[in-house]
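The values are calculated or read from the model by the stated rules, or taken from the named source; none is laboratory data. Remember, it's a predicted structure, so these values are computed and weren't measured experimentally. All Cβ positions, glycine included, derive from the backbone under ideal geometry; neighbour counts span all protein chains shown. Ligands, DNA and RNA are excluded from the accessible area calculation, which covers all protein heavy atoms including side chains. Shrake-Rupley method; radii C 1.70, N 1.55, O 1.52, S 1.80 Å.
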Amino acid sequence: MSQATKQLRKPARIILIGAPGVGKGTQSERLLSRFPQLASISSGDLLRENVRRRTPLGIEAEAAMQSGNLVPDSMILNLISSELKSKGWLNPPSQPNSSTQPSNGSPTLSPTASFILDGFPRTASQAISLDTLVPVNFVVQLITPPSVILSRIASRWVHEPSGRVYNTDFHAPKVPGKDDVTGEPLTQRQDDSIDTWKQRLRKFEETSRALIDHYEGRGCVWRVEGNSSDEISPQLFAEIERRFC
């Protein structure tokens, strides 16, 4: 893939939607490299970091998880809001200029804020909640045939300590079964099984239709198809350049 960087001239607030294993992580990495103004805001990473740092939000989230409950959507929104504020991208509600002028009760997003949201929203109800905080303006639906994804998953190996991912079909390690950097053994994730993937796919299909419908109603959904990340990336780059550069 070309590493030439491009300058965004309009704010891009991006969500990637696709079946498990479709390559959302790969596309995110390539977008961050191609468009340096983009930041990645991962709800999962924010959650883990806040738990690690023992922040009030992290302690609250950890308590929810330890009791076997899902972390509430409101808590995830608070995590995202805190991250946007820490980057200087979320401004407090505007104050009235006079006693007769009402205040704007909602925080405002900086026009310079451009990012990819990872892991949230996953449902239409989450998207509706997110609308009050972040006006998403580009929703990418990544489409790859399930048979291709299944083949890819069966060939996927990871170096657990670093998270480096290999694929014996198109990104094989230099030494079979060994990490390129450390030489340590590679393993397959427990959730990289056909049965597990099919369960995750069913769950995704149950929730994604309404999510996509929500954003279609806002006119910001764009679909791209391909059998590999290398097929999809050039199309994705071109569309972002057309819309935002």
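If you take the residues of region 88-115 that are of a type in the set (S, T, N, Q), within 24 Å of PHE35 (Cα to Cα) and in a loop (DSSP other than H, G, I, E, B), which of them is modelled with the highest pLDDT?
In this case the residue turns out to be SER114.
Scan region 190-240 residue by residue and report those that are open to solvent by less than 80 Å² (accessible area, probe 1.4 Å) and charged (D, E, K, R).
Hits for region 190-240 are ASP191, ASP192, ASP213, GLU216, GLU239.
Considering only region 174-189, how many residues are closer than 23 Å to PRO20 by Cα and either without any contact (Cβ under 8 Å) to a residue 12 or more places away in the chain or surrounded by 14 or more Cβ atoms within 10 Å (Cβ to Cβ) (or both)?
1
With the checklist (1) of a type in the set (A, V, I, L, M, F, W, C); (2) at pLDDT 90 or above; (3) over 30 Å from CYS245 (Cβ atoms) in hand, flag the one item ILE14 doesn't pass.
(3)
For ARG53, only one of the following conditions fails: (1) of a type outside the set (Phe, Trp, Tyr); (2) closer than 21 Å to THR123 by Cβ; (3) loosely packed, with under 12 Cβ neighbours inside 10 Å. What is its number?
(2)
Out of SER82, SER42, SER33, I need the residue that is of a type in the set (Ser, Thr, Tyr) and open to solvent by less than 20 Å² (accessible area, probe 1.4 Å). Which one?
After applying the criteria, what remains is SER42.
Given the conditions (1) part of a loop (DSSP other than H, G, I, E, B); (2) over 27 Å from ALA124 (Cα atoms), which single one is not true for ASP230?
Only one criterion in (1) part of a loop (DSSP other than H, G, I, E, B); (2) over 27 Å from ALA124 (Cα atoms) is unmet by ASP230, namely (1).
Can you spot a residue in region 116-136 that is without any contact (Cβ under 8 Å) to a residue 24 or more places away in the chain, open to solvent by 40 Å² or more (accessible area, probe 1.4 Å) and assigned to a helix (DSSP H, G or I)?
yes
If GLN190 passes every condition in (1) farther than 25 Å from LEU31 by Cα; (2) modelled with pLDDT of 95 or more but one, which one does it miss?
The single condition GLN190 does not satisfy is (2).
Within region 56-74, count every residue that is without any contact (Cβ under 8 Å) to a residue 12 or more places away in the chain and open to solvent by 100 Å² or more (accessible area, probe 1.4 Å).
Counting residues in region 56-74 that are without any contact (Cβ under 8 Å) to a residue 12 or more places away in the chain and open to solvent by 100 Å² or more (accessible area, probe 1.4 Å) gives 3.
Return only the number of the condition from (1) open to solvent by 60 Å² or more (accessible area, probe 1.4 Å); (2) part of a loop (DSSP other than H, G, I, E, B); (3) in contact (Cβ under 8 Å) with a residue 12 or more places away in the chain; (4) closer than 23 Å to ASP45 by Cα that TRP157 does not satisfy.
All conditions are met except number (2).
Take the residues in region 137-154 that are buried (at least 16 other Cβ atoms within 10 Å of the Cβ) and assigned to a loop (DSSP other than H, G, I, E, B), then tell me which one is nearest to the chain's Cα centre (by Cα).
Within region 137-154, the match that is nearest to the chain's Cα centre (by Cα) is ASN137.
Considering only residues that are of a type outside the set (Lys, Arg) and in contact with an Asp or Glu (Cβ under 9 Å, 6 or more places away or on another chain), look in region 9-25 and name the one that is nearest to VAL134 (Cα to Cα).
Out of the qualifying residues, it is ILE15.
May I ask you to verify whether ASP180 is over 21 Å from the mean Cα position of the chain (by Cα) and farther than 24 Å from LEU117 by Cβ?
yes
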